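Reading through the structure tokens given below for one structure.
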Amino acid sequence: MSKNLTSRAEDYSKWYNELVVKADLAENSAVRGCMVIKPYGYAIWEKMQAELDRMFKETGHVNAYFPLFVPKSLFEAEEKNAEGFAKECAVVTHYRLQNDPDNEGKLRVDPEAKLEEELVVRPTSEAIIWNTYKGWIQSYRDLPILINQWANVVRWEMRTRLFLRTAEFLWQEGHTAHATKAEALQEAELMNNVYADFAENFMAIPVIKGLKTESERFAGAEETYCIEALMQDGKALQAGTSHFLGQNFAKAFDVKFTNNEGKLDYVWATSWGVSTRLMGALIMTHSDDKGLVLPPNLAPYQVVIVPIYKNEEQFNAIQQVANEIIGDLKERNISVKFDKRDTLRPGAKFAQHELQGVPLRIAIGPKDLENNTVEVARRDTFTKETVILDRISVVVEDLLEEIQESLFTKALNFRDSHITEVDNFEDFKKVLETKTGFVSAHWDGTKETEQKIKELTKATIRCIPVDNKMESGICVYSGEQSTQRVLFAKAY
């Protein structure tokens, strides 16, 4: 299976597209730009959901659900937000079909069923949620509101790519309301830290926490926090964002409250989200020319047991041992699959599980039964070892922890070795074209310079790191004074 996979060196983009399909993660659908997430891919997304949901609830958030449709008048209430998403909106104009009198057996839109007001299919939910919050908030006693929703959104992308950019995608979006600016800023930063914690400790993806420039901020936000990751081809990927919305949406929807001094004030807001784009980040951070490489925390099953036998008697004896191993592993909360399919030879099973990134494989044959051992193979390093049966559970548990840490360390070393400081524009362009990765360079702080660099190199300012040190310097492009370096990169 993996032999048919294009190598990363040959064509990284093709490798990615083939891997998503061949590893049974997702496929294109009959709807232009939309995907079908297959069971194996959805199982990974469910693990992401479960962990994020736990983290959100630990920080005091609760889940709710809001409508898919947003009346156009509500959508356009916050002008910057409406303008920012206008070109990506799918719009419902009619509410009924009818038989087409000119084409038997076909349907057409009923011209008499035009909606009084068009409905926007949500590209994001600030408008409908803040219109709702208006009825929920009267006093400071009603605050804060800390709500998250798991949903789908539609952004009509022209160039789509499975997981990375699709017209419809799955995500979560948090929307919170606060009595003070300080509380809202604290919330926005807190959730960015939650995302960074999740990416690094659960997905084994190192990220840089930062702030977006004004040009790159979420439409309608006063500040956008982000986590930026680096893929193996040297391109950056925005893995999550958290926005301080100020009072913009409260003013647009007239959401006021009586504060503890008895005065009326507008509410302060945040929104934050991550999406199925994280699946793309997972694939491109860890996987190799043989297929997926999954961190144990995210693998649908962390261990697969493959029996090697010639007859039913051998199979029955192996299955008995396998069941004992499965019981022991499940007691340690380790997910395991016994691959007893008789339609594939062991070699084909090995190839499939390798392609799908199962962290550990246990092979058991007749000789293993005689020796009271099993063979354990790691997906990340392809190393194998023979383990005494009595120790298998302990060894597996230790190996899974080791794999999780090893994948993070490998990705971190790659990321750190691809952050390059430059002080002139020639070196800037050279690094982008040859070494790739993040380029750390001085910037004069103007939109004009930011746009010109983007036009000339296709690189954007990915973020201003939150732990940035202030240092005087000369802008890499304009030659004007600069107070700090920022991170540029080409990005997905």
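How much of the accessible area of the chain, probe 1.4 Å, is carbon plus sulfur, in whole percent?
That fraction is 47 percent.
Cβ under 14 Å from Trp156's Cβ, Trp156 left aside: what net charge do those residues give with Lys, Arg +1 and Asp, Glu -1?
Its environment carries a net charge of +3.
So which lysines pass the test for Lys256, namely a Cα distance under 17 Å, with those fewer than 8 places away in the same chain ruled out?
Lys134, Lys181
Please report the antiparallel percentage of DSSP beta bridges with both residues in the stretch 1-156, rounded to the nearest 5. Display every interim value, and only then the final one.
On the way: 13 of 15 bridges.
Here the share of antiparallel DSSP bridges comes out near 85 percent.
Quick one: the Cα spread of the stretch 235-374 along its three principal axes, in angstroms, biggest first?
If we take the Cα atoms of the stretch 235-374, the spans are 81, 36, 24 Å.
222 nm [θ] for the chain, helices only, -39500 (n - 2.57) per DSSP H run of 4+, per residue, to 500?
It comes out at -11000 deg cm²/dmol, rounded to the nearest 500.
Give the Kirkwood hydrodynamic radius (Å, one decimal) of the stretch 41-102, defined as one over the mean of 1/r across all pairs of different Cα atoms. Show your work: numbers first, answer last.
Working: mean 1/r = 0.0624 Å⁻¹.
It works out to 16.0 Å.
Using a probe radius of 1.4 Å on heavy atoms only, what accessible surface per residue do you get for the chain? Whole Å² is fine.
Accessible area per residue: 47 Å².
Could you tell me the distance between the Cα centroids of the stretch 403-475 and the stretch 289-324, to the nearest Å?
When both Cα centres are located, 43 Å separates them.
Quickly rank 228-235, 268-275, 48-55, 110-117 as a protection proxy: mean count of other C-beta atoms within 10 Å, highest first. The partial results should precede the final answer.
Numbers: 228-235: 21.5, 268-275: 25.5, 48-55: 15.2, 110-117: 10.5.
Ranking the peptides 228-235, 268-275, 48-55, 110-117 by packing returns 268-275, 228-235, 48-55, 110-117.
What is the Cα convex hull volume of the stretch 375-492 when expressed per residue in Å³? Before the final figure, lay out the partial values.
Details: hull volume 14.8 nm³, N = 118.
Value for the stretch 375-492: 126 Å³ per residue.
Work out Dmax and Rg for the chain from the C-alpha atoms and quote the Rg first, both in angstrom.
26.0, 82
All other residues with a Cβ under 14 Å from the Cβ of Val21 taken together, and with Lys, Arg as +1 and Asp, Glu as -1, what is their net charge? Could the numbers behind the result be given before it?
On the way: positive: Lys14, Lys22, Lys38, Arg161; negative: Glu18, Asp24, Glu27.
Computed value for this residue: +1.
Peptides 289-300, 255-266: what's the order by average Cβ count within 10 Å, highest mean first? Provide the component values of the computation, followed by the final result.
Values: 289-300: 22.5, 255-266: 13.4.
Ranking the peptides 289-300, 255-266 by packing returns 289-300, 255-266.
At 27 angstrom or more along the helix axis (alpha-carbon based) and mean Kyte-Doolittle of -0.5 or higher, what helices does the chain contain? Whole DSSP H runs only.
Those that clear 27 Å and a mean of -0.5 are 392-417.
Return the tail of the calculated pair distribution for the stretch 439-492, meaning the percent of Cα-Cα pairs more than 13 Å apart.
54
Please compute the contact order of the stretch 313-388 in relative form: average sequence separation of alpha-carbon pairs under 8 Å and at least six residues apart, divided by the residue count, as a percent. Can you show the working numbers first?
Details: 58 pairs, mean separation 15.9, N = 76.
Once normalised by length, the contact order is 21 percent.
Which of the chymotrypsin sites (Phe, Trp or Tyr not before Pro) found in the stretch 95-133 are loop residues per DSSP with 16 or fewer other Cβ atoms within 10 Å of their Cβ?
Taking the stretch 95-133 and a limit of 16 other Cβ atoms within 10 Å, the loop chymotrypsin sites (Phe, Trp or Tyr not before Pro) found are Tyr95.
Suppose a student asked you for the relative contact order of the stretch 185-274, using Cα pairs under 8 Å spaced at least 6 residues apart; what percent would you report?
It rounds to 26 percent for the stretch 185-274.
If you wrap a convex hull around the Cα atoms of the stretch 19-156, how much volume per residue is inside, in Å³?
174
Which aspartates and glutamates, if any, have their Cα less than 17 Å from the Cα of Lys22, not counting same-chain residues under 8 positions apart?
Within reach: Asp11, Asp288, Asp289, Glu354.
If Lys and Arg each add +1 and Asp and Glu each add -1, what is the summed charge of the other residues whose beta carbon sits under 14 Å from the beta carbon of Ala204?
Surrounding charge for Ala204 is -3.
Largest first and to the nearest Å, give the Cα extent of the stretch 219-291 along each principal axis.
64, 20, 17
Are there chymotrypsin sites (Phe, Trp or Tyr not before Pro) in the stretch 160-232 that DSSP puts in a loop and that have at most 14 other Cβ atoms within 10 Å, and which ones?
Counting only loop positions with at most 14 other Cβ atoms within 10 Å, none of the chymotrypsin sites (Phe, Trp or Tyr not before Pro) in the stretch 160-232 qualifies.
What is the distance in Å between the Cα centres of the stretch 196-255 and the stretch 96-123?
About 38 Å separates the Cα centre of the stretch 196-255 from the one of the stretch 96-123.
Quick one: what do you get for the stretch 292-345 if you divide its Cα Rg by 2.2 N^0.38 Å?
1.26
Which pairs break 21 Å Cα to Cα here: Lys80/Lys447; Lys57/Lys263; Lys429/Lys452; Lys47/Lys384; Lys57/Lys235; Lys290/Lys310?
Result: Lys57/Lys263; Lys47/Lys384; Lys57/Lys235; Lys290/Lys310 exceed 21 Å.
Quick one: compute the contact order of the chain, relative version, from alpha carbon pairs under 8 angstrom and 6+ residues apart, as a percent.
14
The values are calculated or read from the model by the stated rules, or taken from the named source; none is laboratory data. The shown structure was predicted, so the numbers you read here are calculated from the model rather than taken from an experiment. A quick note on method: Cβ atoms are made from the backbone with ideal geometry, for glycine too, and the neighbour counts reach across all protein chains shown. Accessible surface areas use protein heavy atoms only, side chains included; no ligands, DNA or RNA. Shrake-Rupley method; radii C 1.70, N 1.55, O 1.52, S 1.80 Å.
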